[in-house]
Amino acid sequence: MTETTIFAENALLPEGFAANCRITIAGTRIRSVEVGAAPMPGDERVAILIPGMANLHSHAFQRAMAGLAEIRGPGHDTFWTWRDIMYRVALALSPEEIEAVAAQLYAEMLEGGFTRVGEFHYLHHHPDGAPYDDVARLAVAVSSAAADSGIGMTLIPVLYAHSDFGGAEPTAGQRRFINDREGFARLVEASETAIAALPESRLAVAAHSLRAATPEELAFTAALRPDAPFHMHISEQVKEVEDCLAWSGQRPLEWLLDHAAVDPRWCLIHATHMSETETRRLAATGAVAGLCPVTEANLGDGFFNAPEFVAAGGTLGLGSDSNILVGVAAELRQLEYAQRLNRRARNVLAPHGASNGRTIFAAALAGGARATGIGTAGLMPGAIADLVSLATDHPALVGRSGDRILDAFVFGASSSPIDKVWALGQKRVEGGRHVDGEAIFARFRAATATLAERI
């Protein structure tokens, strides 16, 4: 078993920043943490060390369309007009191209401080809608991309069966997504096989949304892996809320909380449009609210009730969803800035006297670990060895110490101060760039150079 020891002048431990820490990695796990230690010959030395974070919600193939949906149409552009372009991209990509796009994305995630991805995977079939001979062919593609990049993988196969509430027939643009219950059960089994060789991999399951799965299909999917995390989109768009009211007489989250046993294994993505009662009820379940602040801003979704949710004891985590932009600091910054714009206030999410950067970083670290099935995360013995070093010669970090390091990292850095990243105990980023970044990018460029013309 390979061992690596890192000496950090400052390291963010669960109890806070500590000086002169020696952290020994054995295989994929942290074996020991010494505080107040002296460096030893052979130690890898860094100035600042923080935990790597799990990205709880990603659609890898959508990285290929970044920037392709920013031309205003003749009417009112919304999520629904963006979705039309997304469907065209989904129909255009081959398995090999999907793998290349995912590898590029995962390399960027590592460079941005994400060391695990929760891949919400609903792109399953041939472009004509027929299953591949290996029903998990595209799960194999994203799993291979995780292997190439070195990121931790939580694969989340998604049941997508309908186009709207009440079991409406799928549209032609959704044909690569669609499964019935029996086909989806086979897909889950095959997905488990697809990730079996990946170190520290996890399998979760998901129903896409109340629009895309009937109540019976939702219950079926949740029961497939009763001990694994269960994910679902909910209440992202006002139209979704209106359509759910027309279908059921209830708001989406209200209906879900009344009809499903939502508990801490659940991760509900977005939950943007909640009433005060829904906010309190969701917090009480212990479920993770999976927020994707950059994507939610890009799509014009709205504002999550973050202060009320946190005050009620709610748990949140972060994802990058459409992957229009990728990085821990970008998501944390947008999370807080959206609340500031909505409330016309500053430092909205931190309690009195506390660092905003530290508060939201710690919350997202814990929520992301739970939603991706690894339980806990941090610089502590027994945890998965996901670590990120920051360079103190970056202008934003000059003269910063303690929690102000995180405040500067999140709010004050116009370029990334991330220097090195270890994922699953292996160094994957050096000098701010992925160690295999050139080869990964070459494959990405070949896969996507003509995409805009093909859609």
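Taken over region 99-124, the residue count meeting the criterion of being at negative phi, of a type outside the set (A, V, I, L, M, F, W, C) and in a loop (DSSP other than H, G, I, E, B) is 3. Annotation note: of ALA338, ALA289, ALA261, the sole residue that is among the aliphatic types (A, V, I, L, M) and buried (at least 24 other Cβ atoms within 10 Å of the Cβ) is ALA289. GLY36: out of contact with any Pro (no Cβ under 7 Å at 6 or more places or on another chain) and assigned by TED's automatic domain parsing to the domain that holds ALA172, yes or no? The answer is no for GLY36. Among the residues here, ALA213 does not qualify as part of a helix (DSSP H, G or I) and surrounded by 23 or more Cβ atoms within 10 Å (Cβ to Cβ). Here LEU318 fulfils each of the conditions (1) surrounded by fewer than 21 Cβ atoms within 10 Å (Cβ to Cβ); (2) touching a Pro at 6+ places or on another chain (Cβ under 8 Å) apart from (1).
With respect to (1) buried (at least 21 other Cβ atoms within 10 Å of the Cβ); (2) small (Gly, Ala, Ser); (3) in contact (Cβ under 8 Å) with a residue 60 or more places away in the chain, the lone exception for SER235 is condition (3).
Looking at region 270-323, the helices (runs of 4 or more DSSP H) lying wholly inside it that each contain 1 or more residues that are touching a His at 6+ places or on another chain (Cβ under 9 Å) sit at 293-298.
For region 100-117, residues that are in contact (Cβ under 8 Å) with a residue 60 or more places away in the chain, within 15 Å of PHE61 (Cβ to Cβ) and out of contact with any Phe, Trp or Tyr (no Cβ under 8 Å at 6 or more places or on another chain) total 3. With respect to the conditions (1) outside the structural domain of LEU291 (by TED's automatic domain parsing); (2) over 17 Å from the mean Cα position of the chain (by Cα); (3) in contact (Cβ under 8 Å) with a residue 12 or more places away in the chain, ARG358 lacks only one, and its number is (1).
Listed here are the residues, each with its yes/no results for (1) farther than 30 Å from LEU390 by Cα; (2) in the same structural domain as ASP148 (by TED's automatic domain parsing); (3) under 18 Å from the mean Cα position of the chain (by Cα).
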{"residue": "GLN62", "(1), (2), (3)": "no, yes, yes"}
{"residue": "GLY67", "(1), (2), (3)": "no, yes, no"}
{"residue": "VAL89", "(1), (2), (3)": "yes, yes, no"}
{"residue": "PRO95", "(1), (2), (3)": "yes, yes, no"}
{"residue": "PHE114", "(1), (2), (3)": "no, yes, yes"}
{"residue": "GLY118", "(1), (2), (3)": "no, yes, yes"}
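Residues in region 390-431 that are in a loop (DSSP other than H, G, I, E, B) and in contact with a strand residue (DSSP E or B) (Cβ under 6 Å, 6 or more places away or on another chain) were compared, and the one that is surrounded by the fewest Cβ atoms within 10 Å (Cβ to Cβ) is GLY402.
The values are calculated or read from the model by the stated rules, or taken from the named source; none is laboratory data. Everything numeric in this text was worked out from a predicted model, so none of it was measured. When we count neighbours, we look across all protein chains shown, and the Cβ atoms used for this are built from the backbone with ideal geometry, even at glycine.
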